[in-house]
Every structure is written in C-alpha cells, then in structure tokens.
Amino acid sequence: MEKLKVGDTVQVIAGAERSEKTEATKRGKILKIDREAQRVTVEGLRLVKRHLKKTPQQPEGGIVEKPGTIHISDVQLVCAKCGKPTRVGIRLDGDKKKRFCKRKDCNGLID
C-alpha cells in the first residue's frame, strides 16, 4: 500500500517551496504522482511558466503557469484529524490495510 495517494493534502517540509516556521504553511492537494521519478505534482505549488504557441485550441498562445513537480521526500501528509503534517503508518484492519497518523497524541485513521 502506498503512503501517499492522489487527492491527499500535503505540506512542503523541505526545498525552495518550504515556508519559514510560521503559520502560513504551503499546503495543497496531490494532483499527480510519478512513482518512477519519485515526484509529486501539488496544486498551487512550484508554479512554472510555460510559453505556448498559437494553436486552434489556444488562439492567443502566451505564457501559462502550471504546477511543477516536487520530490516525494519533500512533502508530508497532513492528518485530517489533527491538522498537522505527519508520518504515515499502515496497519491491518481485518482484511484491509489502513493508513494512520503516527503522532503520539493523534493515532487517527487517514482512510
């Protein structure tokens, strides 16, 4: 079972997109995961500018901002229960695997 999935809310913990130790944290939902390259695309983060030619679909062309990729080790899952970035554990619940928050004060199920 994978620890990060598309649609999870993550927080940037390292790299150029990391915010300082303030409450204004850089968080977003995972749009795409490239497991082979170990990179994730997070909505609204690491925006890169792409220059587009004029085409029938894009008659104006121009410069478009798209979300770039971030290394998978630079993001951490945000627990829905406690609202803090956390490491993810996997435990068996009957026949199914469930992800859970590894914080001592939380231990809440993620899905």
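The values are calculated or read from the model by the stated rules, or taken from the named source; none is laboratory data. Values in this document were obtained by computation on a predicted structure and should not be read as measured data. Neighbour counts run over all protein chains shown; Cβ positions are idealised from the backbone, glycine included.
For every residue, the table says whether it meets (1) surrounded by 10 or more Cβ atoms within 10 Å (Cβ to Cβ); (2) in a strand (DSSP E or B).
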residue: E2; (1), (2): yes, no
residue: G7; (1), (2): no, no
residue: A16; (1), (2): no, no
residue: I30; (1), (2): yes, yes
residue: E60; (1), (2): no, no
residue: L77; (1), (2): yes, yes
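Only one of the listed residues (V64, V40) is out of contact with any Pro (no Cβ under 8 Å at 6 or more places or on another chain), among the β-branched types (V, I, T) and at pLDDT below 90. That residue is V64. Given the structure, is V64 more than 12 Å from the chain's Cα centre (by Cα), among the hydrophobic types (A, V, I, L, M, F, W, C) and not in a loop (DSSP other than H, G, I, E, B)? Yes. State all residues of segment 91-111 that are exposed (fewer than 13 other Cβ atoms within 10 Å of the Cβ) and assigned to a strand (DSSP E or B); if no residue qualifies, say none. Passing the criteria: R91, L92, D93, K96, K97. Across segment 13-37, the qualifying residues are those that are modelled with pLDDT under 90 and in contact with a helix residue (DSSP H, G or I) (Cβ under 8 Å, 6 or more places away or on another chain), and the one among them that is nearest to I90 (Cα to Cα) is I13.
Between K49, K81, the distinction of being in a loop (DSSP other than H, G, I, E, B), among the charged types (D, E, K, R) and more than 16 Å from R18 (Cα to Cα) belongs to K81 only.
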